[in-house]
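As structure tokens, the structure follows; a few thoughts come after it.
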Amino acid sequence: MTPSSTYIHGINPGEQIRLSILNELLNQRCLEKITLKPAARILDVGSGLGLMTECLSKKSGPGGYCLGIERDDEQIEKAQKHQTPELEFRKGDAYQLPLKEDEIGSFDIVYSRFLLEHLSDPKRAIEEMLRALKHGGQIILSDDDHQSMILYPEPEGFQKLWTAYIDSYITIGNDPFIGRKLPRLLLDNGCKEVRNDLVFFGDLAGSPTFEAYTKNLSEVIATARNLMIENELISPDEYASAMKNLITWTKMSHATAYYPLCIATGKKF
């Protein structure tokens, strides 16, 4: 029986726009943490719109090959418009990667970001990723740990709102704290030379990206609104008030946000 996976944020057009902006905010920061050999073979699991996959392909350079795997029809359709001989996208599931026989054990790098938090069995997905990785190859996992969000000054009601958002993950069987567990997951799957790191994903009023950052924050919370209210994690009035205060906070000259994206790397031997 295949484990479940539920993407809490939905797949509507607004969500596709949010994901594009998120990629613009994060991709370069994430790329700076990745060292690639020239002409590397890279597998990106849960590639979404393929924007980070395309960045990885460019970083690999001439002679490289990058394959993105995504299960959502709309996202894979958009990504496939950017295919080249060095950059390919396939529809598939993280629990059963659609690899050809000669691709198994052939990748130098397996990369995944913002995937494991949406899976009921992340260990099984990592087993699949390692099946694709060559011996001596590196697996790179990046994911959230939602407890680490800090806003200053904290908007009134935000703590209750953010806690309800975190609990909405748990309600559907996802893991909002997966980021801190990434090294353990790699060790449990037999990886060696496991290391952890962070990508800073905060911002400050007055920066060129602050408006996009805060828009992403409010929109990602809004995607879980119905789930939060239906499960009585927060009342409609509490939700509306907290979101209003969050918008007010974004207009403060000293508004500051801190949030780390967790990373774990390991090697297959």
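Among the residues of the range 229-269, how many are out of contact with any Leu (no Cβ under 7 Å at 6 or more places or on another chain) and among the small types (Gly, Ala, Ser)?
Here the count works out to 5.
Could you tell me which residue of the range 61-95 is nearest to Gly46 (Cα to Cα), considering only residues that are in a strand (DSSP E or B), over 19 Å from the mean Cα position of the chain (by Cα) and not β-branched (Val, Ile, Thr)?
Step one: list which residues in the range 61-95 are in a strand (DSSP E or B), which gives 65-70, 84, 87-91, 93.
Narrowing further to those that are over 19 Å from the mean Cα position of the chain (by Cα): 65, 84, 87-88.
This time we only want the ones that are not β-branched (Val, Ile, Thr), so: 65, 87-88.
Numbers: Tyr65: 17, Leu87: 15, Glu88: 13 Å.
Among them, the one singled out is Glu88.
How many residues, within the range 211-269, are surrounded by fewer than 16 Cβ atoms within 10 Å (Cβ to Cβ), within 17 Å of Gln159 (Cβ to Cβ) and either among the small types (Gly, Ala, Ser) or free of Cβ contacts under 8 Å to residues at least 12 places away in the same chain (or both)?
5
On the basis of being under 24 Å from Asp93 (Cβ atoms) and among the aliphatic types (A, V, I, L, M), does Leu56 make the cut?
yes
Out of the residues in the range 33-60 that are charged (D, E, K, R) and within 18 Å of the chain's Cα centre (by Cα), which is surrounded by the most Cβ atoms within 10 Å (Cβ to Cβ)?
Asp44
Within the range 87-102, can you find the residues that are surrounded by 16 or more Cβ atoms within 10 Å (Cβ to Cβ), among the acidic types (Asp, Glu) and over 11 Å from Thr53 (Cα atoms)?
Of everything in the range 87-102, just one residue is surrounded by 16 or more Cβ atoms within 10 Å (Cβ to Cβ), among the acidic types (Asp, Glu) and over 11 Å from Thr53 (Cα atoms), namely Asp93.
Cβ-Cβ below 7 Å, separation at least six or inter-chain, first residue in the range 83-104 and in contact (Cβ under 8 Å) with a residue 40 or more places away in the chain and more than 12 Å from Arg131 (Cα to Cα), second acidic (Asp, Glu) and surrounded by 15 or more Cβ atoms within 10 Å (Cβ to Cβ): which pairs?
As it stands, the answer is Phe89/Glu70, since those pairs meet every condition given.
Which residues, counting only those in the range 29-50, are in contact with a helix residue (DSSP H, G or I) (Cβ under 8 Å, 6 or more places away or on another chain) and assigned to a helix (DSSP H, G or I)?
The answer is Cys30, Leu31.
Looking only at the range 221-258, which residues are in contact with a strand residue (DSSP E or B) (Cβ under 7 Å, 6 or more places away or on another chain) and hydroxyl-bearing (Ser, Thr, Tyr)?
Thr256, Tyr258
List the number of the failed condition for Leu133; all other conditions in (1) over 17 Å from the mean Cα position of the chain (by Cα); (2) surrounded by fewer than 23 Cβ atoms within 10 Å (Cβ to Cβ); (3) touching a residue at least 24 places away in the same chain (Cβ under 8 Å) hold.
Unmet condition: (2).
Hey, which of the helices (runs of 4 or more DSSP H) in the range 182-269, taking only ones fully inside, have at least 3 residues that are of a type in the set (A, V, I, L, M, F, W, C) and under 23 Å from the mean Cα position of the chain (by Cα)?
Here the list reads 210-222.
Quick check: anything in the range 35-56 modelled with pLDDT under 95, of a type in the set (Val, Ile, Thr) and out of contact with any Cys (no Cβ under 7 Å at 6 or more places or on another chain)?
yes
Can you pull out the residues in the range 64-94 that are of a type in the set (Lys, Arg) and either modelled with pLDDT under 95 or in contact with a Gly (Cβ under 7 Å, 6 or more places away or on another chain) (or both)? Quick ask: steps written out before the conclusion?
Restricting attention to the range 64-94, the residues satisfying the condition of being of a type in the set (Lys, Arg) are 71, 78, 81, 90-91.
Of everything in the range 64-94, those that are of a type in the set (Lys, Arg) and either modelled with pLDDT under 95 or in contact with a Gly (Cβ under 7 Å, 6 or more places away or on another chain) (or both) turn out to be Arg71, Lys78, Lys81.
Scanning for something more than 22 Å from Glu15 (Cα to Cα), out of contact with any Phe, Trp or Tyr (no Cβ under 7 Å at 6 or more places or on another chain) and of a type in the set (Val, Ile, Thr), does the range 204-221 turn up at least one residue?
No, the conditions are met nowhere in the range 204-221.
Kindly indicate whether any position in the range 177-192 is without any contact (Cβ under 8 Å) to a residue 60 or more places away in the chain, closer than 30 Å to Gly105 by Cα and surrounded by fewer than 16 Cβ atoms within 10 Å (Cβ to Cβ).
Checked against the condition, which is being without any contact (Cβ under 8 Å) to a residue 60 or more places away in the chain, closer than 30 Å to Gly105 by Cα and surrounded by fewer than 16 Cβ atoms within 10 Å (Cβ to Cβ), the range 177-192 yields at least one hit.
The values are calculated or read from the model by the stated rules, or taken from the named source; none is laboratory data. Everything quoted here is computed from the prediction, not taken from an experiment. We place every Cβ from the backbone using ideal geometry, glycine too, and count neighbours over all the protein chains shown.
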